[in-house]
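Novice: Here it is, the structure in full.
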Amino acid sequence: MALIALAVLGLGILVFAPLVVVFTEALSKGVSAALSALSGRDAQSAIRLTLLIAAIAVPVNAVFGIAAAWFLTRYQFRGKAFLITLIDLPFSVSPVVAGLCLVLVFGANTGLGSWLVAHDHPVIFALPGIVLATIFVTFPFVARELIPVMMEQGATEEEAALTLGAGPWRMFFTVTLPKIRWALLYGVLLCNARAMGEFGAVAVVSGKIRGQTTTMPIGIEMLYNEYQSVAAFAMAGLLALLALVTLVVKTLLERRHAGELSARGHG
């Protein structure tokens, strides 16, 4: 009981206390002040940009995560361990370093970057750079959820489906996808949460241009540094709410399909 109480206390201090502070500060001058801060042009731009980046990065990483997991679990080849290490690279590399690498490749002072700018396709300090940075830092989440599941399940049922005449796509959608859908869902949820909350890499490549390349985390920092505490905490509260919505959706899906999850867990 003492350990449980200690765990609950630690959870309260590390998770719930900061949330209480965020919402308390956001509403310190009333709901109308918080809503007014969120309805401003720069705030609306930051919200739209954050959702747009997540809408691009999450599906891309879902597709690449499925492809990487399939390749790593269904084929044997030299360099397999090295490829797995590359997938884990964003976990070990600082997001700031990742953003700096993108600047060194696509910056206006480089050959490729200057050519892109000359043809009106800038990457750094523009949407493409933010998307690339977000995709990089969130890439492992889907693949890392799928790889152990697909390794444990094996390829017996898929081989049987192919033997019975199913095509590759039909086999994937009728055999593989139903078996990995929960792992895929968890990976997508984690990827989405990280994509919306990414700060380090985006801070380097965005240029922090108000109304253009400012995401919600960047906007929070800028507002707080300008002593606009209500606006900063209001946006932080909205970002926290988006994360909580993701968690609630995950929990509801788990409860709705608890029996299926239990059966698969013991299969």
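Novice: Anything in region 149-178 that is open to solvent by 70 Å² or more (accessible area, probe 1.4 Å) and either under 28 Å from residue 195 (Cβ atoms) or of a type outside the set (A, V, I, L, M, F, W, C) (or both)? List them, or say none.
Specialist: Passing the criteria: 151, 152, 156, 157, 159, 163, 168, 169, 170, 173, 174.
Novice: Looking at this structure, is residue 166 at pLDDT below 85, hydrophobic (A, V, I, L, M, F, W, C) and over 22 Å from residue 126 (Cα atoms)?
Specialist: yes
Novice: Taking region 1-29, which residues are part of a loop (DSSP other than H, G, I, E, B) and surrounded by 10 or more Cβ atoms within 10 Å (Cβ to Cβ)?
Specialist: Listed by number, the residues that qualify are 27, 28, 29.
Novice: Which one of these is over 21 Å from the mean Cα position of the chain (by Cα) and open to solvent by 70 Å² or more (accessible area, probe 1.4 Å): 114, 32, 92?
Specialist: 32
Novice: Of all residues in region 205-220, count the ones that are more than 20 Å from residue 237 (Cα to Cα) and surrounded by 20 or more Cβ atoms within 10 Å (Cβ to Cβ).
Specialist: Looking only at that region, the number is 3.
Novice: Between 223, 190, which is within 13 Å of the chain's Cα centre (by Cα) and not acidic (Asp, Glu)?
Specialist: The unique qualifying residue is 190.
Novice: Could you tell me whether region 234-247 includes any residue that is open to solvent by 50 Å² or more (accessible area, probe 1.4 Å), at pLDDT below 80, in a helix (DSSP H, G or I) and closer than 29 Å to residue 20 by Cα?
Specialist: yes
Novice: Out of the residues in region 62-89 meeting the condition of being among the β-branched types (Val, Ile, Thr) and either farther than 22 Å from residue 186 by Cβ or open to solvent by 80 Å² or more (accessible area, probe 1.4 Å) (or both), tell me which one is modelled with the lowest pLDDT.
Specialist: By that ranking, first place goes to 85.
Novice: Can I ask one more? Can you tell me how many residues in region 51-109 are assigned to a loop (DSSP other than H, G, I, E, B) and closer than 19 Å to residue 126 by Cβ?
Specialist: 3
The values are calculated or read from the model by the stated rules, or taken from the named source; none is laboratory data. Here the structure is a predicted model, which means the values were calculated and not measured. Cβ coordinates were reconstructed from backbone atoms using ideal geometry, including for glycine residues, and neighbour counts include every protein chain displayed. To get the accessible areas, we keep the full protein, side chains included, count just its heavy atoms, and leave off ligands, DNA and RNA. Shrake-Rupley method; radii C 1.70, N 1.55, O 1.52, S 1.80 Å.
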